[in-house]
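J.: This is the structure, below, for whatever I ask next.
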């Protein structure tokens, strides 16, 4: 039986429950990122936000903070122990502007082995193992170093069977990233293409889904891009075309200004308390909600 790999150990997929499939609890981007609103390094604030998620009905949360974005497993181990929420962490990379210098220096195979160690031995000096792999691309292009680590990530996937999540800047280059994974022999049904709703193109989403990948919409509540009415229509487009089993939805609230406990909003309760009621009100079935937030995350993550 395939398992989901959490920071406290492997669990049965059916134990995962209601899941946010892309969030951040702890992040500390490098100095190259001048916008420190992205820095989430207050333990009490982050664990308080996680408690809000649990109290609203959440069971599991996927933390997408990478090696180059200030990942620190010891804090998430403690949060999981304190709250009882299943936390799944990642190994891999975000985008080239964050990469440490060793990404340039090491070979593809050396980077691959680092990722494999995170998946099979433990991350950041702890025994917590990563539960999925991550790689990313830039806006309208794939930087050479991004291609390098994407190939490393692909080879780590082949060695371990771990699921994959892709960062696509502004929702671009999803197809091209899948092309690299396919060249390396990765089964695209193990892959989720993140930030896809940033590129609010229904045709684009269907093309990703036709290749077998999960399509993730992770911008719920972010009116600065466009209103949630657009996201509702994008979700219904996927459902209407028969791809509800390949749809993941989250909010990627990786900023202080998004989280109540850091003094912002709308916070982790938003999807549970406002977005899902709206989906139901606009004709999405409870069965589809269950598929998107319970069954799909479990199926995607339980691939070891």
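Every number here is computed from the coordinates shown, using simple stated rules; none is lab data. As the structure is a prediction and not an experimental result, all values here were calculated from the model. All Cβ positions, even for glycine, are placed from backbone atoms using ideal geometry, and neighbour counts span all protein chains on display.
J.: Considering only 65, 189, 91, give the residue with the highest GNM mean-square fluctuation for the chain, with springs between Cα atoms whenever their separation is below 10 Å.
T.: 189
J.: Shape verdict for the stretch 56-206, please, from the Cα gyration tensor: rounded (a/c under 1.5), prolate (a/b greater than b/c) or oblate.
T.: oblate
J.: Provide the percentage of antiparallel DSSP beta bridges, counting only those with both residues in the stretch 96-193; round to the nearest 5.
T.: The antiparallel proportion sits near 10 percent.
J.: Can you tell me the FRET efficiency between residue 54 and residue 28 if r is taken as the Cβ-Cβ distance and R0 is 30 Å, rounded to the nearest 0.05?
T.: 0.80
J.: Give me the extension gain from residue 140 to residue 183: residue separation times 0.36 nm, minus the current Cα-Cα distance, reported in nm with one decimal.
T.: The residue 140-residue 183 span can extend by a further 13.5 nm.
J.: Going by Cα centres, the stretch 8-84 and the stretch 90-114 are how many Å apart?
T.: Cα centroid to Cα centroid, the span is 22 Å.
J.: To continue, here is another question. Run through the DSSP bridge list for the stretch 3-301 and note the antiparallel percent, rounded to the nearest 5.
T.: If we restrict to bridges inside the stretch 3-301, about 20 percent are antiparallel.
J.: If each DSSP helix of 4+ residues adds -39,500 (n - 2.57) and the sum is divided by the residues in the chain, what number results at 222 nm, nearest 500 deg cm²/dmol?
T.: Taking each H run of at least 4 residues, the total per residue is -10500 deg cm²/dmol.
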